[in-house]
Amino acid sequence: MKESPRKFALDASFTESYRSRKTAFGFNGLGEIAYRRSYSRLKDDGSNEEWFETVERVVNGCFNMQRSHLQDIGKVFDHDNAQRLAQKMYAKIFDFKFLPPGRGLWAMGTRLTEDKHLYAALNNCGFVSTQGHISDNFALPFAFLMDLSMLGVGVGFDTKGAGSVTIKRPDEAKKRVVVIEDSREGWVHSVKELLGSYFVGTGEIAFDYSLIRPEGILLKGFGGISSGPAPLIELHKGIINTLNNNLDKPITSRSIVDLMNMIGKCIVAGNIRRAAEIAFGDADDEEFLNLKNYSLNPERASYGWTHVLCVDTLSLIHISEPTRQAEISYAVFCLKKKKKKK
């Protein structure tokens, strides 16, 4: 048996037989609302997927990933056997006997995985520490969070890098223009350049946003609708204001969280999924403790979606998940370390 280089696809007649079947979303209609809000992707014709089409995309993506892996290791992919297994998998997902993770429902089988091989988009969560990184490459943790957030991944970070670097004024004599590419990479690169200008001693930056597509254009890679350059412009202004207000001072835990939260506010992946963040701080850090105290920090109300938690001796955790279309929403958890018995 010789392997064929062709991509795997479920038989069209098989998936078509599910078109008219009723979908038991459950929960008195809430399940269907959640599906259509978060996992039904826009198609090239501007309409949204139906459930039978979403399942087809996901199953095809899974088996094409297997096909690629077998090809990479010199093994044979049996299309006939895969077709039988894929149809069984399709039937079980369609009837909610099992489901892939939410990121799998959204990203599997799309251009992100099929063409760009951005399998990070299949992850629910990630984490980056500011300890060490922030002094070696200041922009790295922030760029990591922004990059993964734009793929729909929730990202955690800590404030251990506080005090490790001093914020410097960019060199006005070396002012330069950065043209922002119309891509995820272009947006992330612009933030890296801006942050670097305050810590590496590079020239002051002026941005050219002219290449960014206008609001309302279909995003064929990630899916969803473009937001236009306005959120990025607001993010750049927020970063500049935050850093200018702290010139010649060591970076603080608040500045770290502020910058991460501003990035989170900017990122609305495909105008569908808002960023999700979790921040870890020191339990003895009063500045960190008061991040949600809007009587002390009223300016944080527009972007400070993290929530202060009650903990004993453990590091404080802030949860931030302004997801999808909600302007501000977050989960609240309270952790307390058990006292040792004497």
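Since every read-out is calculated from the coordinates, none of them should be taken as a lab result. Computed from a predicted model, the values in this text were never measured in an experiment. All Cβ positions, even for glycine, are placed from backbone atoms using ideal geometry, and neighbour counts span all protein chains on display.
One quarter of the convex hull surface, Cα atoms only: what value does that give for the range 63-127 in nm²?
On the way: hull surface 21.7 nm².
Over every viewing direction, the Cα hull of the range 63-127 projects on average to 5.4 nm².
From the gyration tensor of the Cα coordinates in the range 18-83, what semi-axes in whole Å does the equivalent ellipsoid have, largest first, with each one equal to sqrt(5λ)?
Values: eigenvalues 187, 36, 25 Å².
Taking √(5λ) for each eigenvalue gives 31, 13, 11 Å, largest first.
So what's Rg/Rh here for the range 132-248, counting alpha carbon atoms and using the Kirkwood radius for Rh? Let's see the in-between values first.
Details: Rg = 15.0 Å, Rh = 15.3 Å.
That ratio is 0.98, to two decimals.
Using just the Cα positions, wrap the range 1-155 in a convex hull and report its mean projected area in square nanometres, one decimal place.
Details: hull surface 48.5 nm².
For the Cα atoms of the range 1-155, the hull's average projected area reads 12.1 nm².
Using modelled amide H (1.01 Å from N, peptide plane; none on Pro or chain starts), what sits under 5 Å from the amide H of GLU215, excluding residues fewer than 5 places away?
GLY228
Average projected area of the Cα convex hull of the range 69-225, in nm²?
Computing the convex hull of the Cα atoms and averaging its projections yields 13.5 nm².
Between GLY126 and residues 5 or more places away or on another chain, which pairs have amide H atoms under 5 Å apart, with H built 1.01 Å from N, and which residues are they?
Under 5 Å from the amide H of GLY126: GLY154, VAL155, GLY156.
For the ranges 14-26, 80-92, 52-64, what's the packing order if you count other beta-carbon atoms within 10 Å of each residue, average per peptide, and put the highest first?
The packing order, highest mean first, is 52-64, 80-92, 14-26.
Can you figure out the FRET efficiency of ARG36 with GLU185, using R₀ = 51 Å and their beta-carbon distance, to the nearest 0.05?
According to the calculation, E is roughly 0.95.
Give the whole-number value, in cubic angstrom per residue, of the convex hull volume spanned by the C-alpha atoms of the range 97-163.
Working: hull volume 5.7 nm³, N = 67.
Cα-based convex hull of the range 97-163, divided per residue, equals 85 Å³.
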